[in-house]
Amino acid sequence: MIVNVGDVQLGVDDDGSGLPVVFLHGFPHDRSLWAQQRRALSSHVRCITPDLRGFGESTFAGPVSMDVYADDVAALLDVLDIDKAVVCGLSMGGYVAMAMWRRHAARVHGLVLCDTKSSADTPEGRGKRDELIALAQSDGAAAVAEKQIGGMVGKSTRERQPDVVEFMRAMMIRQSVPGIVGALEALRERPNSHDTMGSITVPTLVLVGEEDVLTPPSDAQVMFAALSAQAIPMFEIVAASGHASCVERPAAVTHAIADFLATLDVERP
């Protein structure tokens, strides 16, 4: 369905009932990233999978930041009449989840941070964002996809699951250039979230692919170590998986998320 949220329209899937769980995709993805988790978990919880502004079926208006994406998610919860939800984000979606905690903590029932990190871009990283912006503007989404596909999936996936590689490539190619450029600018300017991790007071699962080279397990360990006891932190490494763990090893990721959700008290204040 299409939902009006402020100055944009968001493409959204809303399936199931019970505990609301919002799944946020990474860059340059859309909500189909979480399709297998949505199908598997919607018999137990309410799965809400939006396209972030500029991606998938969502329209784009800029400028964009992680705060803007987070405000869109909070506004979407208002439209869907949801007081609070578990927020699950992969990669850029994880950065949005952290911004949700900073800006809308009362709306967050729990956090799942997948294949993401709490640090800001280094100067080198910012330069690479600028290079990708120039590439997107000159050669389009397909060129960005080809530049990124090698790091987007793990070595095991590239060797054993060519269909998954092609699924990810096709998803990346179909994104809009304005959405890609806006997201790259937002990624480049995102804040360091280390202090955010220490402030989290809701249950939190940190999950990472064993072969993730973009946000490796060492980054996930830093995030996990920064969590306080109030977060009741959980940590999971997904074997034989890279950055797109929920697509590369969908059953393993679904199982980890389901186990985490089973620990949550729906009435927790």
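Take the residues in the range 81-104 that are in contact (Cβ under 8 Å) with a residue 24 or more places away in the chain and either out of contact with any strand residue (DSSP E or B) (no Cβ under 9 Å at 6 or more places or on another chain) or more than 29 Å from R249 (Cβ to Cβ) (or both), then tell me which one is surrounded by the fewest Cβ atoms within 10 Å (Cβ to Cβ). Outline the logic, then answer.
Restricting attention to the range 81-104, the residues satisfying the condition of being in contact (Cβ under 8 Å) with a residue 24 or more places away in the chain are 82-104.
Right, trim to either out of contact with any strand residue (DSSP E or B) (no Cβ under 9 Å at 6 or more places or on another chain) or more than 29 Å from R249 (Cβ to Cβ) (or both) and you get 83, 99, 102-104.
Values: D83: 10, A99: 26, R102: 16, R103: 15, H104: 17.
Looking at residues that are in contact (Cβ under 8 Å) with a residue 24 or more places away in the chain and either out of contact with any strand residue (DSSP E or B) (no Cβ under 9 Å at 6 or more places or on another chain) or more than 29 Å from R249 (Cβ to Cβ) (or both), I get D83.
Only residues that are within 17 Å of A251 (Cα to Cα) and either touching a Lys or Arg at 6+ places or on another chain (Cβ under 7 Å) or part of a loop (DSSP other than H, G, I, E, B) (or both): list them for the range 28-44, please. Outline the logic, then answer.
Step one: list which residues in the range 28-44 are within 17 Å of A251 (Cα to Cα), which gives 32-44.
Correct list: S42, S43, H44.
Could you pull out the residue among G110, G94 that is within 11 Å of the chain's Cα centre (by Cα) and either modelled with pLDDT of 95 or more or on the phi < 0 side of the Ramachandran plot (or both)?
The match here is G94.
Tally the residues that are in contact with a helix residue (DSSP H, G or I) (Cβ under 6 Å, 6 or more places away or on another chain) and either modelled with pLDDT under 95 or at negative phi (or both), restricting the search to the range 54-72. Can you show your working first?
Within the range 54-72, the first condition is being in contact with a helix residue (DSSP H, G or I) (Cβ under 6 Å, 6 or more places away or on another chain), and the residues that meet it are 54-56, 60, 62, 64-67, 69-70.
Remaining after also requiring either modelled with pLDDT under 95 or at negative phi (or both): 55, 60, 62, 64-67, 69-70.
Adding up the residues that qualify gives 9.
Quick one: in the range 7-27, of everything that is touching a Lys or Arg at 6+ places or on another chain (Cβ under 7 Å) and assigned to a loop (DSSP other than H, G, I, E, B), which residue is surrounded by the most Cβ atoms within 10 Å (Cβ to Cβ)?
It comes out as H25.
Mind counting the residues in the range 232-258 that are assigned to a helix (DSSP H, G or I) and either at pLDDT below 95 or among the hydroxyl-bearing types (S, T, Y) (or both)?
Residues of the range 232-258 assigned to a helix (DSSP H, G or I): 245-248, 250-258.
Pick out the ones that are also either at pLDDT below 95 or among the hydroxyl-bearing types (S, T, Y) (or both) and you get 245, 254.
Counting residues in the range 232-258 that are assigned to a helix (DSSP H, G or I) and either at pLDDT below 95 or among the hydroxyl-bearing types (S, T, Y) (or both) gives 2.
If you check E210 against the conditions, is it touching a Phe, Trp or Tyr at 6+ places or on another chain (Cβ under 9 Å) and without any contact (Cβ under 8 Å) to a residue 60 or more places away in the chain? Lay out the reasoning, then the answer.
On the way: touching a Phe, Trp or Tyr at 6+ places or on another chain (Cβ under 9 Å): no; without any contact (Cβ under 8 Å) to a residue 60 or more places away in the chain: yes.
Here the answer is no, as E210 does not meet what is asked.
Mind telling me which of the residues I149, I133 ends up being within 30 Å of A256 (Cβ to Cβ), among the β-branched types (V, I, T) and in a helix (DSSP H, G or I)?
The conditions single out I149.
Counting only residues that are of a type in the set (K, R) and not in a loop (DSSP other than H, G, I, E, B), how many does the range 75-103 have? Spell out how you get there, then give the answer.
Of the residues in the range 75-103, the ones of a type in the set (K, R) are 84, 102-103.
Filter again for not in a loop (DSSP other than H, G, I, E, B), leaving 102-103.
Summing the residues that are of a type in the set (K, R) and not in a loop (DSSP other than H, G, I, E, B) in the range 75-103 gives 2.
So A145 ticks every box in (1) surrounded by fewer than 18 Cβ atoms within 10 Å (Cβ to Cβ); (2) modelled with pLDDT of 95 or more but one. Which box is left unticked?
(1)
Considering each residue of the range 23-52, count those that are within 20 Å of H243 (Cβ to Cβ) and among the hydrophobic types (A, V, I, L, M, F, W, C), and give that number.
Keep residues of the range 23-52 that are within 20 Å of H243 (Cβ to Cβ), which gives 23-38, 49, 51-52.
After this cut, where a residue has to be among the hydrophobic types (A, V, I, L, M, F, W, C) as well, the list is 23-24, 27, 33-35, 52.
Residues meeting the conditions: 7.
When you go through S193, S176 one by one, which is the residue that is within 22 Å of D67 (Cα to Cα) and either touching a helix residue (DSSP H, G or I) at 6+ places or on another chain (Cβ under 6 Å) or surrounded by fewer than 17 Cβ atoms within 10 Å (Cβ to Cβ) (or both)? Let's see the steps before the verdict.
Working: S176 fails: either touching a helix residue (DSSP H, G or I) at 6+ places or on another chain (Cβ under 6 Å) or surrounded by fewer than 17 Cβ atoms within 10 Å (Cβ to Cβ) (or both).
One residue alone meets the criteria, S193.
Among the residues of the range 126-142 satisfying the criterion of being in contact (Cβ under 8 Å) with a residue 12 or more places away in the chain and within 29 Å of V253 (Cβ to Cβ), which is surrounded by the fewest Cβ atoms within 10 Å (Cβ to Cβ)? Reasoning before the result, please.
We begin by selecting, within the range 126-142, every residue in contact (Cβ under 8 Å) with a residue 12 or more places away in the chain; these are 126, 129-130, 132-133, 135-137, 140-142.
In the following step, the residues that additionally are within 29 Å of V253 (Cβ to Cβ) were identified as 129, 132, 136, 141-142.
Details: R129: 18, L132: 22, A136: 24, A141: 18, A142: 13.
Checking each candidate, the answer is A142.
Would you mind stating whether S228 is surrounded by fewer than 17 Cβ atoms within 10 Å (Cβ to Cβ), free of Cβ contacts under 8 Å to residues at least 40 places away in the same chain, within 16 Å of T116 (Cα to Cα) and not hydrophobic (A, V, I, L, M, F, W, C)? Walk me through how you get there before you give the answer.
Details: surrounded by fewer than 17 Cβ atoms within 10 Å (Cβ to Cβ): yes; free of Cβ contacts under 8 Å to residues at least 40 places away in the same chain: yes; within 16 Å of T116 (Cα to Cα): no; not hydrophobic (A, V, I, L, M, F, W, C): yes.
No: the conditions fail for S228.
Among V222, V181, which is the only one that is more than 16 Å from the chain's Cα centre (by Cα), crowded, with 19+ Cβ neighbours inside 10 Å and assigned to a helix (DSSP H, G or I)?
Values: V222 fails: crowded, with 19+ Cβ neighbours inside 10 Å.
Result of the check over V222, V181: V181.
Inspect the range 206-215 for any residue being surrounded by fewer than 21 Cβ atoms within 10 Å (Cβ to Cβ) and either within 21 Å of G110 (Cα to Cα) or within 17 Å of the chain's Cα centre (by Cα) (or both) and give the result as yes or no. Write out each step before concluding.
Step one: of the range 206-215, the residues surrounded by fewer than 21 Cβ atoms within 10 Å (Cβ to Cβ) are 210, 213-214.
Retained after the next criterion (residues that are either within 21 Å of G110 (Cα to Cα) or within 17 Å of the chain's Cα centre (by Cα) (or both)): 213-214.
The answer is yes, given that some residue of the range 206-215 is surrounded by fewer than 21 Cβ atoms within 10 Å (Cβ to Cβ) and either within 21 Å of G110 (Cα to Cα) or within 17 Å of the chain's Cα centre (by Cα) (or both).
The values are calculated or read from the model by the stated rules, or taken from the named source; none is laboratory data. The shown structure was predicted, so the numbers you read here are calculated from the model rather than taken from an experiment. Heads up, the Cβs are rebuilt from the backbone with ideal geometry, glycines too, and the neighbour counts pull from every protein chain shown.
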